[in-house]
Amino acid sequence: MRDAFFSELLNLFRHNPKTVFLTGDLGYKLFDPLVTHDPGRVINCGIREAGMVGYAAGLAKAGLLPFVYSIVPFITLRCLEQIKIDLCYNRNTVVIVGVGGGFAYGPNASTHHGVDDIGALSCLPGLTIWTPADPHEVRGCVQAATRLAGPAYLRLGRNNEPAIHTTHGAWREIDRPIWFGTGHDGVIITCGFILHEVLKAAEVLRGKGIDAGVVQLPTIKPFPEDDLKAIIGSGKPILTIEEHIATGGLGQQTALLVATEGKGNRFATGTIPIRFPDTCMSREALLAWAGLDAAGIVPAFERLVSK
């Protein structure tokens with residue numbers, strides 16, 4: 001996903017001279033091609049993310065399209081007030097790019113885990129939040145940046161996330177949910193690159209004779225209420241899965257719709273526990289710890305449909 005972001009950003013650099021890239025002192029080799037193309041539009045602001053967001057707001061006021069890049073907790077929680085006031089309140093079109101959402105930085109532990117970013121940012125007016133699942137969806141988000149009329153947050157994994165789609169052209173309309181399967185027995189709604197685990201779980205369930213449809217939300221804010229109302233209106237069981245804590249996340253937003261628009265749907269959520277892991281673990285081990293790997297999702301859906 002990270003490589004896809006920089007590849008598509010380079011395309012944007014070549015075709016849109018207003019594009020500017022700002023980094024919080026990381027990722028140098030990744031953006032060497034940007035420097036080669038136009039070093040004047042690549043700015044290292046150092047480890048001062050709050051100042052970087054404020055600087056990007058000024059660039060946006062001058063008519064440029066800034067992308068600001070750092071690790072998820074550093075570019076969200078560390079400069080939340082600047083995102084709220086400099087970007088959202090002043091309606092500045094800046095793309096905040098957080099690398100390492102969820103448990104992507106696994107062994108780096110809680111200082112680098114991005115498990116509460118969506119909840120913190122979702123309450124800010126006018127902020128678009130993108131949660132792509134694979135490199136092709138990432139490219140769609142970068143392409144959509146040129147159509148923004150306000151700030152956006154792009155939540156990336158780290159790297160080596162496998163491609164799910166065969167092309168990225170279809171994701172120019174990145175605001176619409178993406179369906180996988182028919183969902184005869186129920187639906188799993190998810191967002192972001194944990195889709196890979198959800199699809200593996202759906203395959204296991206299929207082998208057990210249970211048809212779980214999967215819905216991926218590349219954009220979680222604005223929340224696609226109309227699309228989800230149609231799903232909820234079927235009355236089928238619904239399980240949400242997210243690589244994020246419960247507070248302010250996909251599950252809570254979906255639960256509100258189930259409460260107001262539901263047709264007796266059985267409903268459950270899968271989220272990261274609101275506690276720090278006791279040891280440093282890989283992302284795979286952390287997902288298992290949280291019950292968010294395929295081995296944990298399968299029984300959660302089985303319990304839901306068997307009630």
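Computed from Cα atoms, the angle from the helix 250-261 axis to the main principal axis of the chain rounds to 50 degrees. Solvent-accessible area of Trp179, all protein chains in place: 120 Å² (probe radius 1.4 Å, heavy atoms, ligands and nucleic acids excluded). The distance separating the Cα centre of the stretch 175-223 from that of the stretch 98-122 comes to 22 Å.
Once you have the Cα-Cα distance between Ala268 and Lys307, take 0.36 nm times their residue separation minus that, and quote the gain in nm to one decimal. Write down the numbers at each step before the final one.
Values: separation 39, 0.36 × 39 = 14.04 nm, distance 1.16 nm.
Gain on extension, Ala268 to Lys307, equals 12.9 nm.
Between the stretch 258-279 and the stretch 20-66, what is the separation of their alpha carbon centroids in Å? That distance is 37 Å. Average projection, convex hull of the Cα set of the stretch 152-270: 7.8 square nanometres. Largest accessible area first, the listed residues Thr36, Thr128 line up as Thr36, Thr128 when surface is computed with a 1.4 Å probe on the assembled protein chains. Projection of the Cα convex hull of the chain, averaged over all directions and equal to a quarter of that hull's surface, yields 15.0 nm². Per atom type, the stretch 12-164 shows carbon and sulfur on 54% of its accessible surface, probed at 1.4 Å.
How big is the dipole moment of the stretch 172-307 about its Cα centre under a simple scheme where the beta carbon of each Lys and Arg is +1, that of each Asp and Glu is -1, and everything else is neutral? Debye, nearest 20, please. Could you put the intermediate results ahead of the total?
Values: 14 positive and 16 negative charges, 57 e Å.
In total the dipole reaches around 280 debye.
Name the residues of the stretch 94-135 whose amide N is less than 11 Å from a point 7 angstrom out from the Cα of Leu80 along the C-beta direction? Only 116-124 pass the distance filter. In this label model, Leu148 and Asn90 are separated by 1.5 nm, measuring between points 7 Å along each Cα→Cβ vector. About its Cα centre, the dipole of the chain is roughly 380 debye, where the only charges are +1 on Lys and Arg Cβ and -1 on Asp and Glu Cβ. For the chain, the longest principal axis of the Cα atoms and the long axis of helix 195-207 meet at an angle of about 20 degrees. Separation of the alpha carbons by more than 30 angstrom is noted, of Lys200/Lys229; Lys61/Lys221; Lys221/Lys307, for Lys221/Lys307. Surface exposure of the chain, expressed per residue as accessible area with a 1.4 Å probe, stands at 41 Å². Name the shape class, rounded, prolate or oblate, that the alpha-carbon gyration tensor gives for the stretch 3-154, where a ≥ b ≥ c are the square roots of its eigenvalues, rounded holds for a/c under 1.5, and otherwise prolate holds if a/b is larger than b/c and oblate otherwise. Rounded. Projecting the Cα atoms of Ala62, Thr271, Phe180 onto the charge dipole of the chain (Cβ charges, centred on the Cα centre) puts Ala62 farthest toward the positive pole.
Taking every DSSP bridge with both residues inside the stretch 18-170, close to 5 percent are antiparallel. In the chain, the DSSP beta bridges split such that about 15 percent are antiparallel, to the nearest 5.
Take each of the peptides 112-121, 201-210, 13-22, average the number of other beta-carbon atoms within 10 Å over its residues, and list them starting from the highest. Kindly include the intermediate steps, with their values, before the conclusion.
Details: 112-121: 22.6, 201-210: 15.8, 13-22: 17.6.
Order by mean packing, descending: 112-121, 13-22, 201-210.
Taking a ≥ b ≥ c as the square roots of the eigenvalues of the alpha-carbon gyration tensor, the stretch 66-131 is classed prolate because a/c is 1.5 or more and a/b outweighs b/c.
What is the dipole size for the stretch 26-134, taken about its Cα centre, with +1 at each Lys and Arg Cβ and -1 at each Asp and Glu Cβ, in debye to the nearest 20?
Working: 7 positive and 8 negative charges, 50 e Å.
In debye, rounded to 20, the stretch 26-134 gives about 240.
The values are calculated or read from the model by the stated rules, or taken from the named source; none is laboratory data. Computed from a predicted model, the values in this text were never measured in an experiment. Cβ sites come from the backbone with ideal geometry, for glycine too, and all protein chains shown count toward neighbours. The accessibility values were calculated without ligands, DNA or RNA, using every heavy atom of the protein model including side chains. Shrake-Rupley method; radii C 1.70, N 1.55, O 1.52, S 1.80 Å.
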